[in-house]
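Q: Could you have a look at this structure, given as structure tokens, before my questions?
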Amino acid sequence: MKFIDLNTVDRFTPGKPHRELLYDSPNLRVLTFNFEPGQELPVHSHSADSDVALIVLEGEGEFTGAHEMPARAGQTQIMPVAEPHGLKAHTRLRLLVIIAPTL
């Protein structure tokens, strides 16, 4: 068992989004990305048979890629990792990413 307090995973960096791997196993990967305004996770996809959940913990931005829509705290986008996905932050934004099974 692993316990993670998402309230403490709050580091931001000026040059690029801060990425932190929180958990990794063959079945599940959990990580966070913390964005300053204007930073983004470029649209990308993976050739794997996995699903990804993008969960906005804090802030506002825009989900980009195959399903473009506003992104606000509490909103979640779930899709196969093969679908193009990304995110652009308008304010400071904290994103939780869950991938299962791992890539």
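Q: Would you please state the base-10 log of I(q)/I(0) at q = 0.10, 0.17, 0.22 1/Å for the chain, with intensities from the Debye formula using one equal scatterer on every alpha carbon?
A: The computed values of log10 I(q)/I(0) come out as -0.25, -0.73, -1.21.
Q: So, one more: Using only the heavy atoms of the protein chains and a 1.4 Å probe, how would HIS18, HIS90, HIS67 rank by accessible area, largest first?
A: Details: HIS18 25, HIS90 100, HIS67 80 Å².
Listed by decreasing accessible area, they come as HIS90, HIS67, HIS18.
Q: Which residues make up the longest stretch of the chain that has no trypsin sites (Lys or Arg not before Pro) in a DSSP loop with at most 16 other Cβ atoms within 10 Å? Could you put the intermediate results ahead of the total?
A: Working: sites that count: LYS2, ARG11, ARG92.
Longest gap between qualifying sites, sites excluded: 12-91.
Q: Please compute the length gained on full extension between ALA100 and ALA82, using 0.36 nm multiplied by the number of residues separating them and subtracting their Cα-Cα distance.
A: On the way: separation 18, 0.36 × 18 = 6.48 nm, distance 1.26 nm.
Taking 0.36 nm per residue and subtracting the Cα distance, the gain is 5.2 nm.
Q: For the chain, which whole percent of the accessible surface, found with a 1.4 angstrom probe, sits on carbon and sulfur atoms? Numbers along the way, then the final one.
A: Numbers: 3070 of 5790 Å².
Ligands and nucleic acids excluded, carbon and sulfur reach 53 percent.
Q: Moving on to the next point. When the solvent-accessible surface of protein heavy atoms is calculated with a 1.4 angstrom probe, in what order do ILE4, ILE78 fall, highest first? Can you show the working numbers first?
A: Details: ILE4 60, ILE78 130 Å².
Correct descending sequence by accessible area is ILE78, ILE4.
Q: Distance from a point 7 Å along Cα→Cβ of GLU60 to each backbone N in region 20-40: keep the residues under 14 Å and list them by number.
A: 37-38, by backbone N distance to the label point.
Q: Full extension from ILE4 to MET69: what is 0.36 nm times the residue separation minus their Cα-Cα distance, to one decimal in nm? Before the final figure, lay out the partial values.
A: On the way: separation 65, 0.36 × 65 = 23.40 nm, distance 2.85 nm.
Gain on stretching ILE4 to MET69: 20.6 nm.
The values are calculated or read from the model by the stated rules, or taken from the named source; none is laboratory data. These numbers were taken from a predicted model, which means no experiment stands behind them. Every residue, glycine as well, gets a Cβ built from its backbone with ideal geometry; the counts of neighbours run over all protein chains shown. Ligands, DNA and RNA are excluded from the accessible area calculation, which covers all protein heavy atoms including side chains. Shrake-Rupley method; radii C 1.70, N 1.55, O 1.52, S 1.80 Å.
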